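No value in this document is a laboratory result; all are computed from the given coordinates. Computed from a prediction, not measured in an experiment: that's the story for all the values here. Counting neighbours? That spans all protein chains shown, and the Cβs are built from the backbone with ideal geometry, glycine included.
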Amino acid sequence: MDMDKLVSLCKRRGFIFPSSEIYGGINGFWDYGPLGVELKRNIKDAWWRDNIHLRDDMVGLDCSIIMNPKVWEASGHVGGFSDPMVDCKDCKGRFRADQITVICLHSEEHAPAIRSAQHYWFSAMGSELDVEESNAKDFKKALAKIGPGSEGPTRTIFSPINQWVNQPEYKLFPCPTCKKQGTLTEPRAFNLMFQTNVGAVADEASKAYLRPETAQGIFANFKNVVDTGRVKIPFGIAQVGKSFRNEITPRNFIFRSREFEQMEIEFFCHPSEAAHWYKYWRDTRFQWYVTHGLGSEKLRLRDHDPDELAFYSTATADIEYAFPFGVSELEGIAHRGDYDLSQHQKFSGKDLSYFDEERKERFLPHVIEPSAGADRATLAFLCEAYNEDEVGGESRTVLKFHPRFAPIKAAVFPLVKKDGMPELADKLYRDLKRQFNVFYDEKGAIGRRYRRQDEAGTPFCITVDGQTLTDGTVTFRDRDSCRQWRVASSGAVQALRELLEGQPVPSAG
Ligand code: GAP
């Protein structure tokens, strides 16, 4: 699937627009249009319903975006939430050093020439194979011959550029944008938190941050939630909301932006049960994406290698999706031990331990954190849904969303604008509208109206036609198979409900 086609469909049909576009936009910020806001809201609502309402061991929370700055000292964000940044002194390009991959083909026979730049290929962001155009052909040929990572006299080394800082080769690496050699600065730490000031005076004392994750608001409220008495360990607190990161290089549409939404759970449990709950959430969260249509080979669960783990984490897994620009993280599930609560206990001076009535034991709970991005989920479901096919000799673009996520659940059409059909269609539309987000359209040929709904991802179209006037039935049409069948108009609301809940479309004939 071509990313450009998806971005253009999103713009044309009102899913996603560049932010403040009439002023030339602003890099790393996006607006959700009339269809996009419904899609993202449906994803967030499904997440909330499945993780909070349908469970007995979860509660929700909605914290402020700006918190006491000490929260971010305790969490480690003030000291360590940074990316290594590299600048090009010539073209002023700015990059994340850990995302410029140096791919070095090295063989005995090439050893004398290894210091010449032609033996390095660069992947600025994205997949490792996304190499510089001019070298792509040679690179693929070479890889096919020796295979990545193969050992022996011939080796291929993939490594981020920041691991080469102290090597003489560093000054040979060209800038990924202007391709000049020796123009890259050494990487320096760039803190990703957006700063602001609270109150009228902008000084050190009034400095505050826009939250870079929703998680810390949950930890800061752990005691409040426990003290309200509704919860007993093991239990989780969930939050959905905006987070802000001053990403050095926002890219890939809504995949990496500077303002985004997270859907996070902190699940608190007894230390002896943490391994069990980690496995439980790792598997449950993976299954959630499968259930909603990402069941293809494009979805992966990747356990972190021990050297990737944060020092306090005993296990972390990423749910990854093969986006058109490479395989990338959708959600992380981390076993965080008691790191967060112990940090907040230390910095706030408040006792955050929990007394377990059944065990008659006081302890600091361990935490399992499934942390998902609502925008990344939206992008993955858009990519997966995007299809081009042919119906009756005509090509169409169709978004095959899971019915739960579809922005519009059904569109109602009168076949023609006469003979009382618009009145009947309007009545049906109003009946359906009480329960579902439905759309009324009487403009243009019926085929064109179907195509418009296919592009919007509407699972069903319902048409009032000549036969409706005689026997009171309407035509239902299924988006994916384009199959059509008749349903009594009086039973249309119930029929649509059953279809949206997963009842199969009647077979042909
Ligand atoms: N509390 C843990 C945490 O925030 P993270 O891996 O930094 O972990 C969790 O973020 C999720 O938030 C990611 O898996 C991703 O879906 C989403 N996310 C993070 N940064 C993002 C960005 N710049 N743009 C869009 N989504 C982002």
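What the table shows:
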{"read-out": "Cubic angstrom per residue, convex hull over Cα atoms of region 247-366", "value": "156"}
{"read-out": "Computed label-point distance, nm, for sites Arg230 and Asp2 using a 7 Å Cα→Cβ extension", "value": "5.0"}
{"read-out": "Label point distance in nm, Asn246-Thr314, each placed 7 Å from Cα along Cα→Cβ", "value": "3.8"}
{"read-out": "Ordering of 287-297, 84-94, 360-370 by packing [mean C-beta count within 10 Å, highest first]", "value": "360-370, 84-94, 287-297"}
{"read-out": "Spin-label model distance (nm) - Ser353 vs Ser19, 7 Å beyond Cα toward Cβ", "value": "4.4"}
{"read-out": "Per-residue HN-Hα couplings for region 369-377 [Karplus 6.51, -1.76, 1.60; θ = phi - 60°; Hz; x = Gly/Pro]", "value": "10, x, 10, 10, x, 5, 6, 5, 5"}
{"read-out": "Neighbour-count order for Tyr170, Tyr23, fewest beta carbons within 10 angstrom listed first", "value": "Tyr23, Tyr170"}
{"read-out": "Estimated dipole of region 371-509 in Debye, rounded to 20 [Cβ of Lys and Arg +1, of Asp and Glu -1, Cα centre]", "value": "320"}
{"read-out": "Distance from region 404-438 to region 439-509 (C-alpha centre basis), Å", "value": "9"}
{"read-out": "Segment Phe29-Ser272, extension gain: residue separation times 0.36 nm, minus the distance between their alpha carbons", "value": "83.2 nm"}
{"read-out": "Average Cα contact separation per residue, region 408-500, under 8 Å, 6 or more apart, as relative contact order %", "value": "29"}
{"read-out": "Cross-link partners of Lys279 among aspartates and glutamates (Cα-Cα below 13 Å; sequence separation of 8 or more within a chain)", "value": "Asp303, Asp318, Glu369"}
{"read-out": "Contour minus Cα-Cα distance for Ser507 and Asp57 (0.36 nm per residue)", "value": "157.9 nm"}
{"read-out": "In sequence order, calculated HN-Hα J values of region 417-431 (Karplus, 6.51, -1.76, 1.60; Hz; x Gly/Pro)", "value": "8, 7, 6, x, 5, x, 5, 5, 5, 5, 5, 4, 4, 5, 5"}
{"read-out": "Hits among aspartates and glutamates - C-alpha to C-alpha of Lys242 under 16 Å, sequence gap 8 or more where chains match", "value": "Asp31, Asp45, Asp62, Glu213, Glu259, Glu261, Glu264, Glu331, Asp375"}
{"read-out": "Cut-off 13 Å (backbone N to label point 7 Å along Cα→Cβ of Asp431), residues of region 473-489", "value": "473-475, 487-489"}
{"read-out": "Distance-filtered residues of region 24-52 - backbone nitrogen under 14 Å, label point 7 angstrom along Thr196 Cα→Cβ", "value": "none"}
{"read-out": "For peptides 209-222, 436-449, sequence by mean Cβ density within 10 Å, most packed first", "value": "209-222, 436-449"}
{"read-out": "Rounded FRET efficiency, nearest 0.05, which uses the C-beta distance separating Lys298 from Ala189 and R0 of 22 Å", "value": "0.05"}
{"read-out": "Cα shape, the chain, gyration tensor, a/c 1.5 rule", "value": "oblate"}
{"read-out": "Built amide H within the under 5 Å cut-off of Phe235, gap 5+", "value": "Phe268"}
{"read-out": "Sequence-distant aspartates and glutamates (8 or more away, or on other chains) whose Cα lies within less than 14 Å of Lys89", "value": "Glu186"}
{"read-out": "Of Lys5/Lys409; Lys5/Lys298; Lys92/Lys298; Lys11/Lys180, pairs whose Cα-Cα distance is over 29 Å", "value": "Lys92/Lys298; Lys11/Lys180"}
{"read-out": "Prolate/oblate/rounded call for region 392-473, Cα gyration tensor, a/c under 1.5 rounded", "value": "oblate"}
{"read-out": "Phi-based couplings in Hz for region 434-449 (Karplus 6.51, -1.76, 1.60; Gly and Pro marked x)", "value": "5, 10, 9, 7, 10, 9, 10, 8, 10, 9, x, 5, 4, x, 5, 5"}
